[in-house]
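Below: the structure, in structure tokens.
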Amino acid sequence: MAGLASDGSNPDVSLLYDINGLAKAAPPWFDRVMEFIGEYGIVLGLLLVVLGCWWSVRRRAATGDAVAGVAGLLWAPLAAGIALLVNIPIRGFVERPRPFKDHQGLEVLVPGKTDFSFVSDHATLTMALAVGVFIAHRRFGLLAIGLALAEGFCRVYMGVHYPTDVLGGLALGTAVALLLAPLALALLTPLVSAVARAPRGTRLVRSRRAAERLAVADAPVVPEPRLDAGESDLAA
């Protein structure tokens, strides 16, 4: 993989210079903003999306839908952690140096990176989180996927990853989150269902308002008493 990146005519390297060239042309304050966004901002944004998604799925009317949504949301950080663990042997096997070690003239916004470049941890983490959120809630999931793609762009903009490092991370995060989801949800759904039935855990899965709406909907309808003909005449 490192050999592929050593040729300046390689599209991977050309795209690296094109995207990173935006950093060289941007004012210093904008590069500082991109540095924060690429290192921490998007990850923090994804955590807010996860919290917002949790708040939303708790308000689903049907108990089963709320349980399924929370179980899917629990899978999101677990998928991200597993994907990062899977990436450890991949990085050790490929041993691809950071792009600024093999190519001159890059604007490196975060110096001091000494580990290997392929696959991008940030891209892996954010996409695994995003796909997990998508499993729980489509609208929040699309927003999370957009943030994960923005994270990939930022890593190349900052000069710390090749575009293929990012693509590999996005693919790895997606694969782990999707392929292991059936097994994970089969294990997490009964756990979340048990928490929903516990007195102290109910509010973690279902909001009070959703529970009240369901109770009203399930309440038996008491029919009004019917008057026979004689009683009807007396009432008149």
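Details
- Here residue 93 and residue 183 are evaluated by their C-beta separation; at R0 = 30 Å the FRET efficiency comes out at 0.75.
- With contacts taken as Cα pairs under 8 Å and at least 6 residues apart, the range 4-208 reaches a relative contact order of 29 percent.
- Long-range tail of P(r) for the range 81-133 (Cα pairs > 19 Å, %): 36 percent
- Packing around the peptides 100-107, 120-127, taken as the average count of other Cβ atoms within 10 Å per residue, puts them in this order, highest first: 120-127, 100-107.
- Zone of residue 102's modelled label, taken as backbone nitrogen in the range 155-193 under 19 Å from a point 7 Å along Cα→Cβ: 155-170
- Annotation: extensible slack from residue 191 through residue 12 equals 60.0 nm (criterion: 0.36 nm per residue apart, minus Cα-Cα distance).
- Loop-resident trypsin sites (Lys or Arg not before Pro) (DSSP state other than H, G, I, E or B) in the range 124-203 with no more than 15 further Cβ atoms inside 10 Å of their Cβ: 200.
- Estimated Rh, the range 4-208: Kirkwood, alpha-carbon pairs, angstrom: 18.0 Å
- FRET E, pair residue 115, residue 171, Förster distance 22 Å, beta-carbon r, rounded to 0.05: 0.65
- Between residue 65 and residue 85, the FRET efficiency estimated from the beta carbon spacing at R0 = 25 angstrom works out to 0.20.
Throughout, read-outs are computed from the coordinates displayed, never taken from laboratory work. All figures in this text were calculated on a predicted structure; none of them were measured in a lab. Reconstructed Cβ throughout: ideal geometry from the backbone, glycine too, with neighbour counts over all protein chains shown.
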